[in-house]
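The values are calculated or read from the model by the stated rules, or taken from the named source; none is laboratory data. Remember, it's a predicted structure, so these values are computed and weren't measured experimentally. For neighbour counting, all protein chains shown are included, and Cβ atoms are generated from backbone atoms with ideal geometry for every residue, glycine included. Side chains are part of the model used for accessible areas, which takes the heavy atoms of the whole protein and leaves out ligands, DNA and RNA. Shrake-Rupley method; radii C 1.70, N 1.55, O 1.52, S 1.80 Å.
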Amino acid sequence: LQMHPDAGYFDRFLFENMNSGGYYTVYPPVSQAIFAFAAFFGQTRLHLAVFLIKIILFCFELGSLYWIHRLYGKKAVLVYALNPLAIVEITGNCHFEGAMLFFLLASLGTLEQNKKGLSAVLLALSIASKLIPLLFWPLIWRKMGLKNGFIYLAQAGVWVFLLFLPLIRGDLMLHMASSINLYFQQFQFNASSYYLAVQIGYWKTGWNIGSKIGPWLAVAVFLGILFLTFIQKDGQQKRGIRFETALLLAAFLHLCMATTVHPWYVLLPLALSLSGNWWFPVCWSFLVVFSYSHYSNGIYLEKYPWIVAEYFLLYLIFLVEMFLRISGRWLHRP
């Protein structure tokens, strides 16, 4: 990529120091609007622009705590508010999981209040902050039923289209799509199933087949979410897993199959786990700190023993908790 010829020194300085300057942006419109707001008022004062983004994300965090309290109670507020990962990665490092989580929790809360129109708008805003909530559409449809779910998601889809409308110009959407495609084929960091599959492929073929594995793992996530949708309770069924549990397991499955798992990605399953006092996402929010070691001394170098330790402990805790819940030896069943 190249800078616009009219770009000033400050813009060139920022562009040249980006860690992904060779790729087009994948940030959706809400994130882009906040960036534009901070850039407009910050101008060439980088610290002011960053401060404005931190203030906005801090306000989102306050809103998330409000909805966590409304949905899950006071203890859940403490679990999230005092979690070091949430403190460091959202307000500290300015990751937009904070915006996505606020709108998602607000959407779930207003849906419980039967404010479907408002909930659809908030769901669209969550998607327009980060695209991940698109994973939950089949689960939401199942929860609401065929007719109501279709109307609700159609409303959300219209709002998503309107929010993305300012970006639908020229080649911008094609550029975003190309970067998303690269995410599944070339980007890799702190992965579990992906690294294991790549290593097995290397043993069998002698080649790195990572670019072929990523899309197949995405297909596995899609099929897994369809399975969760099938076994999820709807308004009439008494058997099956709860909607909240299905959301959590879908988010967990997505990260287990992802080629890239940055620490702040774990905040989504952490927030969703509060509905049922799940412990494995809370443990993961501490285990994922192992991945910070990959940037020690200012040099990026993945340390695979730490990755093995992280995921071995995570999957062990997950399996033990699932066994205890399914066998009825846990206070909260799935």
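Of all the numbered requirements in (1) out of contact with any Pro (no Cβ under 8 Å at 6 or more places or on another chain); (2) surrounded by 13 or more Cβ atoms within 10 Å (Cβ to Cβ); (3) of a type outside the set (D, E), P281 misses one, and that requirement is (1).
When the stretch 161-177 is filtered for residues that are assigned to a helix (DSSP H, G or I), open to solvent by 50 Å² or more (accessible area, probe 1.4 Å) and at pLDDT below 75, the ones remaining, listed by number, are M173, L174, H175, A177. Exactly one residue among L134, L105, L52, L101 is of a type outside the set (V, I, T), touching a Phe, Trp or Tyr at 6+ places or on another chain (Cβ under 9 Å) and surrounded by fewer than 23 Cβ atoms within 10 Å (Cβ to Cβ), and that residue is L52.
Here I231, I299 are screened, and the one residue that is aliphatic (A, V, I, L, M), surrounded by fewer than 23 Cβ atoms within 10 Å (Cβ to Cβ), more than 26 Å from G98 (Cα to Cα) and in contact with a Gly (Cβ under 8 Å, 6 or more places away or on another chain) is I231. Among the conditions (1) surrounded by 19 or more Cβ atoms within 10 Å (Cβ to Cβ); (2) at pLDDT 95 or above, A81 misses just one, which is (1). Here W306 clears all of (1) over 19 Å from L253 (Cβ atoms); (2) not in a helix (DSSP H, G or I); (3) not β-branched (V, I, T) except the condition numbered (2).
Count of the stretch 302-322 residues, restricted to those that are closer than 21 Å to V282 by Cβ and either surrounded by 15 or more Cβ atoms within 10 Å (Cβ to Cβ) or charged (D, E, K, R) (or both), is 10. Quick one: would you say S291 is surrounded by fewer than 20 Cβ atoms within 10 Å (Cβ to Cβ), at pLDDT below 90 and not in a loop (DSSP other than H, G, I, E, B)? Spelling it out, it is not the case that S291 is surrounded by fewer than 20 Cβ atoms within 10 Å (Cβ to Cβ), at pLDDT below 90 and not in a loop (DSSP other than H, G, I, E, B).
Taking the stretch 115-133 as the range and being in contact (Cβ under 8 Å) with a residue 60 or more places away in the chain and either among the hydroxyl-bearing types (S, T, Y) or assigned to a helix (DSSP H, G or I) (or both) as the test, the residues that pass are L125, I127, S129, I132. Give the stretch 185-212 a look and list any residue that's open to solvent by less than 40 Å² (accessible area, probe 1.4 Å), over 19 Å from the mean Cα position of the chain (by Cα) and touching a residue at least 24 places away in the same chain (Cβ under 8 Å), or say none. Y195, G210, listed by residue number.
As a summary of the residue check, R70 satisfies the conditions (1) more than 15 Å from the chain's Cα centre (by Cα); (2) under 20 Å from A33 (Cα atoms); (3) part of a helix (DSSP H, G or I) except for the one numbered (2).
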